[in-house]
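Below is one structure, written out as structure tokens; comments come after it.
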């Protein structure tokens with residue numbers, strides 16, 4: 001993609017992206033969520049990330065993508081999900097395998113700022129972090145059926161089915 005050129009994204013009537021460029025968008029949103037300068041890991045949950053940070057993230061997305069409708073809430077929701085997933089991945093592979101904080105600090109993912117990693121370890125060691133982990137673990141055990149539609153979103157599957165039905169009528 002050339003400098004200044006933006007990728008066009010079509011949305012459905014619910015404001016969800018549905019065209020073939022959605023995978024590029026979602027991959028880009030994951031990149032933002034893993035960037036500690038844009039989405040710091042020091043916050044306990046996505047709702048307390050300052051709106052200024054979220055606006056910066058959205059402006060970055062708008063510099064690379066063009067939408068046929070306003071979908072700011074969808075973009076920020078998905079960045080938030082990818083940010084939580086990133087924290088989960090860090091905990092699973094860099095925190096939980098170790099028995100002490102010294103080993104955890106040494107097992108720093110190269111994409112994470114050291115001060116943010118220290119704050120995450122501190123939170124996960126706190127009573128609030130342990131209580132949240134217990135609740136989340138119990139809730140995860142209750143889930144019986146996982147997502148099995150592949151990488152294509154339900155919105156895109158629905159859009160393709162609707163177009164197919166229109167052609168056959």
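Would you be able to say whether some residue in region 139-147 is more than 17 Å from residue 39 (Cα to Cα) and surrounded by 10 or more Cβ atoms within 10 Å (Cβ to Cβ)?
The answer is no; no qualifying residue exists.
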Legend entry - Failed condition for residue 20, given (1) surrounded by fewer than 16 Cβ atoms within 10 Å (Cβ to Cβ); (2) touching a residue at least 60 places away in the same chain (Cβ under 8 Å); (3) within 25 Å of residue 158 (Cα to Cα): (2)
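Quick grid of which residues meet (1) under 25 Å from residue 123 (Cβ atoms); (2) at pLDDT below 95:
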{"residue": "5", "(1), (2)": "no, yes"}
{"residue": "14", "(1), (2)": "no, yes"}
{"residue": "37", "(1), (2)": "yes, no"}
{"residue": "44", "(1), (2)": "yes, yes"}
{"residue": "51", "(1), (2)": "yes, no"}
{"residue": "65", "(1), (2)": "no, no"}
{"residue": "78", "(1), (2)": "yes, no"}
Legend entry - Test for residue 57: is it exposed (fewer than 15 other Cβ atoms within 10 Å of the Cβ), at pLDDT 95 or above and either in contact with a strand residue (DSSP E or B) (Cβ under 7 Å, 6 or more places away or on another chain) or in a helix (DSSP H, G or I) (or both): no
Inset, instruction - Inspect region 1-16 for any residue being at negative phi and assigned to a helix (DSSP H, G or I) and give the result as yes or no. - result: no
Inset, instruction - Kindly check whether there is at least one residue in region 152-160 that is more than 14 Å from residue 41 (Cα to Cα), in a loop (DSSP other than H, G, I, E, B) and in contact with a helix residue (DSSP H, G or I) (Cβ under 7 Å, 6 or more places away or on another chain). - result: yes
Legend entry - residue 48, sole failed condition from (1) closer than 24 Å to residue 136 by Cβ; (2) touching a helix residue (DSSP H, G or I) at 6+ places or on another chain (Cβ under 9 Å): (2)
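The values are calculated or read from the model by the stated rules, or taken from the named source; none is laboratory data. What you see is a predicted model, and the numbers here were worked out from it, not measured in a lab. Cβ: placed from backbone, ideal geometry, glycine included. Neighbour counts: every protein chain shown.
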